[in-house]
Amino acid sequence: QVQLVESGGGLVQPGGSLRLSCAASGSIFSINTMAWYRQAPEKQRELVAGITYGSRTNYADSVKGRFTISRDNAKNTVYLQMNSLKPEDTAVYYCNGKIRPLGLTPEYVYWGQGTQVTVSS
């Protein structure tokens with residue numbers, strides 16, 4: 001069974017930095033696109049950043065210039081470096097991946113359990 005496990009969340013002051021990690025494990029043939037989403041209380045889950053297998057990236061306008069998504073294919077891990085954090089960045093951050101399991105042709109969408117990021121003074 002494929003699992004995505006996030007880590008690195010926590011409490012940080014405005015202007016500070018955090019790095020989130022998401023490691024995929026299980027019976028995996030390939031990991032294609034990966035992404036970070038976030039969901040604040042009473043708000044819809046939104047895409048923060050995405051990255052292809054070839055490391056092409058895209059970002060939400062609200063985080064451009066502050067966040068950087070990257071991946072280490074050898075480790076089946078995706079990262080989100082968050083700099084110049086603002087209170088508006090407070091949310092539960094979820095890892096997302098389009099993953100092909102071993103022995104199966106289709107790709108499936110998997111979600112991590114989420115990690116809390118709180119930006120507050």
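The values are calculated or read from the model by the stated rules, or taken from the named source; none is laboratory data. Keep in mind that this is a model prediction, so the values were computed, not measured. Methodologically, a virtual Cβ is constructed for each residue, glycine included, from the backbone with ideal geometry; neighbour enumeration extends over all protein chains shown. Side chains are part of the model used for accessible areas, which takes the heavy atoms of the whole protein and leaves out ligands, DNA and RNA. Shrake-Rupley method; radii C 1.70, N 1.55, O 1.52, S 1.80 Å.
Which of (1) part of a strand (DSSP E or B); (2) surrounded by 11 or more Cβ atoms within 10 Å (Cβ to Cβ); (3) touching a Lys or Arg at 6+ places or on another chain (Cβ under 9 Å) is the odd one out, the single condition Tyr53 does not satisfy?
Against the list (1) part of a strand (DSSP E or B); (2) surrounded by 11 or more Cβ atoms within 10 Å (Cβ to Cβ); (3) touching a Lys or Arg at 6+ places or on another chain (Cβ under 9 Å), Tyr53 comes up short only on (1).
Which of the residues that make up the stretch 61-89 are at pLDDT 95 or above and more than 14 Å from the chain's Cα centre (by Cα)?
Asp61, Ser62, Lys64, Gly65, Arg66, Asn83, Ser84, Leu85, Lys86, Pro87, Glu88
Condition check: in a strand (DSSP E or B) and either β-branched (Val, Ile, Thr) or open to solvent by 80 Å² or more (accessible area, probe 1.4 Å) (or both). Does Arg19 satisfy that? Break it down into steps so the answer makes sense when it comes.
On the way: in a strand (DSSP E or B): yes; either β-branched (Val, Ile, Thr) or open to solvent by 80 Å² or more (accessible area, probe 1.4 Å) (or both): yes.
Criteria met by Arg19.
Residue by residue, here is whether (1) among the polar types (S, T, N, Q); (2) open to solvent by 70 Å² or more (accessible area, probe 1.4 Å); (3) closer than 19 Å to Gly112 by Cβ holds:
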| position | (1), (2), (3) |
| --- | --- |
| Gln1 | yes, yes, yes |
| Val5 | no, yes, yes |
| Ile31 | no, no, yes |
| Tyr37 | no, no, yes |
| Arg45 | no, yes, yes |
| Ala49 | no, no, yes |
| Asn96 | yes, no, yes |
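Restricting attention to the stretch 35-46, which residues are of a type outside the set (A, V, I, L, M) and modelled with pLDDT of 95 or more?
Trp36, Tyr37, Arg38, Gln39, Lys43, Gln44, Arg45, Glu46
Going through Asn96, Asn32, Asn58 one at a time, which residue ends up being assigned to a strand (DSSP E or B) and modelled with pLDDT under 95?
Asn32
Are there any pairs, at least 6 apart or on different chains, whose C-beta atoms fall under 9 Å, with the first in the stretch 104-121 and farther than 16 Å from Glu88 by Cα and open to solvent by 80 Å² or more (accessible area, probe 1.4 Å) and the second outside any loop (DSSP other than H, G, I, E, B) and among the aromatic types (Phe, Trp, Tyr), and if so, which?
Going by the 9 Å Cβ cut-off, the qualifying pairs are Trp111/Tyr37; Trp111/Tyr94; Gln113/Tyr94.
Identify all residues within the stretch 73-93 that are within 14 Å of Ser30 (Cα to Cα), open to solvent by 10 Å² or more (accessible area, probe 1.4 Å) and aliphatic (A, V, I, L, M); write none if there are none.
Result: Ala74, single match.
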